[in-house]
Amino acid sequence: MYYVLPGGAQEPDETLEQSLQRECLEELGLKMIDCKLLCIREYISKNHEYSLIMKEVHALDFIYRCIPDSHMDPKYLQADIGQIGIEWLSINEIKRSLMQTDHRLRTYTFPRTTHDLLQEFLIKGIKEIYLSWDFGH
């Protein structure tokens, strides 16, 4: 089992912000407010640990920092294949897990690219983050 950020493909005629709202509503059951682009990450599957699963994928990931609408309860409406739940994790919990040098002792497991992204951006003052979790291979 591992944790990933919610997201997915942009639909035709959909803006990035509309795609962000749709994916968060489907996977988290939450409308997001105050969304700001945090970074853009290029993903080439053959360079990463899940290359056997995702062959020849070349994508640009737009990573946003969002605040969920406080009047909604998290629940996924249309889970991705392999998604088995959602969990609200505090940044401090994630930091403690990322600082474990022995990966077997980490509370949370992330794919390497998500791990690297979280390590880089946690120092910028993010307070909390929603993550979905999938079965690892």
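The values are calculated or read from the model by the stated rules, or taken from the named source; none is laboratory data. Please read these numbers as outputs of a predicted model, since none were measured by experiment. Note that we place each Cβ from the backbone using ideal geometry, even for glycine, and neighbour counts take in every protein chain shown. The area values use the complete protein model at the heavy-atom level, side chains included, leaving out ligands, DNA and RNA. Shrake-Rupley method; radii C 1.70, N 1.55, O 1.52, S 1.80 Å.
Observations, loosely collected:
- Charge sum, other residues only, whose C-beta stays under 13 Å from residue 41's C-beta, Lys/Arg counted +1 and Asp/Glu -1: -3
- Once all protein chains are placed together, residue 84 keeps about 60 Å² accessible to a 1.4 angstrom probe.
- 5 angstrom amide H check on residue 110, placed H, neighbours 5+ away: 3
- Distance between the pseudo-spin-label points of residue 73 and residue 105 (7 Å out from Cα toward the beta carbon): 3.8 nm.
- Sequence-ordered 3J(HN,Hα) estimates for region 5-21 from the Karplus curve with 6.51, -1.76 and 1.60 and θ = phi - 60° stand at 6, x, x, x, 7, 7, 7, x, 6, 9, 6, 4, 5, 5, 4, 4, 5 Hz, glycine and proline given as x.
- Cross-link reach is defined here as a Cα-Cα straight distance under 14 Å, omitting same-chain residues fewer than 8 places apart; for residue 46 the aspartates and glutamates meeting it are 56.
- At an R0 of 25 angstrom, the distance between the Cβ atoms of residue 93 and residue 33 translates into a FRET efficiency of 0.60.
- Of the residues 103, 115, 71, ranked by 1.4 Å probe accessible area with the largest first, the sequence reads 71, 103, 115.
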